[in-house]
Amino acid sequence: MNDKGHQALEFAGLAGELLLENGAETPRVEDTVHRICSTAGLTEIEVIVFPTGIIINALYDNVRVTRAKRIHARETNLNKISVVNDVSRKYACSRISLNEGLAIARELDTGKPDRRVFWGNLAAGGIASGSATILLGGYWADFLPAFMAAAMVRTIIGVTAFNLAYVLQIFLAGIFAGFGGSLFVDLGFGYHLDKIIVGALLPLYPGITLTNAVRDFISGDLLSGTLRMVEGLLIAAALANGVGVALSMYHGHLRNYLF
């Protein structure tokens, strides 16, 4: 297989990997990979997509080629999904070359973390959590505790991202949200503990995961839909158990020592 075939397969694999890692549904991943491969001249294209991996099998110059990729990290980044969609469609319409598309995909895949992006996400998540607390019936006095608790949760996720499984990260986030919310309320910075905790954990709720599970079921991707549904339920259970453990320990033991 010549260089173009290798580049096409790498481009398609990276595009599918980026989509899966950032929260795209299965039909979108399959369509994007198929679009790139067919434009590059590959035939007999078969794409198998799971939430934890992707397999591409095709024929190029009478040579059978296969690429498999294990997906470890997953998050929700709609901006990356939008960029990959745009690049794949530009390539399919011959508005960019294969080399240009591959270069963009590599840059997205290996881009270094930007501190400004981290602080921006931290601030945006805190504001969203504080606003959600008020929309749920909390007072304006609950805004700051929800903001701070959400910032603690986001920081914990960032610190443990490369050391723990995602479900354990979520469990820790629930613990810190429960501790942080309880402590802020006891210090007089808030009134509605339940709404503060719910607001702080709002960015971690598996809404997109469960929505994609339903979309996969509707599209006939029963295995992917089942796996996503199980993942969403595990995340929800980890959040609930983390908060429950924190409230039990704080109100049962720590509160008596601190106040």
Most mobile of G207, G225, G13 in a GNM of the chain (Cα contacts under 10 Å): G207
Dipole magnitude (debye, nearest 20) for region 1-94, charges at Cβ of Lys, Arg, Asp, Glu: 100 debye
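Taking only C-alpha pairs under 8 Å that are 6+ residues apart, what is the relative contact order of region 145-259 in percent?
Contact order relative to length: 34 percent.
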Gyration tensor verdict on region 169-223 (Cα atoms; rounded if a/c is under 1.5, prolate if a/b is larger than b/c, oblate otherwise): prolate
Spatially near lysine pairs across the chain, Cα under 25 Å, sequence gap of 8 or more or different chains: 9
Candidates A24, A165, A105, ranked by Gaussian network fluctuation over the chain, Cα under 10 Å, top entry: A165
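At a Förster radius of 30 Å, what calculated FRET efficiency corresponds to the Cβ-Cβ distance of K4 and T76, to the nearest 0.05? Before the final figure, lay out each step's value.
Details: r = 34 Å, r/R0 = 1.12.
Between K4 and T76 the formula returns 0.35.
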Structure-based [θ]222 nm, the chain - -39500 (n - 2.57) summed over DSSP H runs of at least 4, per residue, nearest 500: -22500 deg cm²/dmol
Centre separation in Å (Cα based) which lies between region 138-198 and region 5-27: 34 Å
Probe 1.4 Å - accessible area at K90, Å² to nearest ten: 60 Å²
P(r) histogram, all alpha-carbon pairs of region 117-237 included - 5 Å bins from 0, percent: 2, 13, 19, 19, 17, 13, 9, 5, 2, 1, 0
Gyration tensor (Cα) of region 1-104, equivalent ellipsoid semi-axes in angstrom: 21, 16, 10
GNM top mover of I175, I96, I134 - the chain, alpha-carbon springs below 10 Å: I96
At R0 = 41 Å, FRET efficiency that the Cβ-Cβ distance of D31 and S248 yields, to 0.05: 0.30
Prolate/oblate/rounded call for the chain, Cα gyration tensor, a/c under 1.5 rounded: prolate
Mean separation of Cα contacts under 8 Å (6+ apart) over length of the chain, as relative contact order %: 17 percent
Projected-area average for region 54-146 over all orientations - Cα convex hull basis, square nanometres: 9.6 nm²
Largest to smallest accessible area among H6, H192 [probe 1.4 Å]: H6, H192
Rough spin-label spacing in nm, given labels placed 7 Å along Cα→Cβ, for S38 and V63: 2.4 nm
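The values are calculated or read from the model by the stated rules, or taken from the named source; none is laboratory data. Since we're looking at a predicted model, the values are computed, not measured. Cβ atoms come from the backbone with ideal geometry, glycine included; neighbour counts cover every protein chain shown. Accessible surface areas use protein heavy atoms only, side chains included; no ligands, DNA or RNA. Shrake-Rupley method; radii C 1.70, N 1.55, O 1.52, S 1.80 Å.
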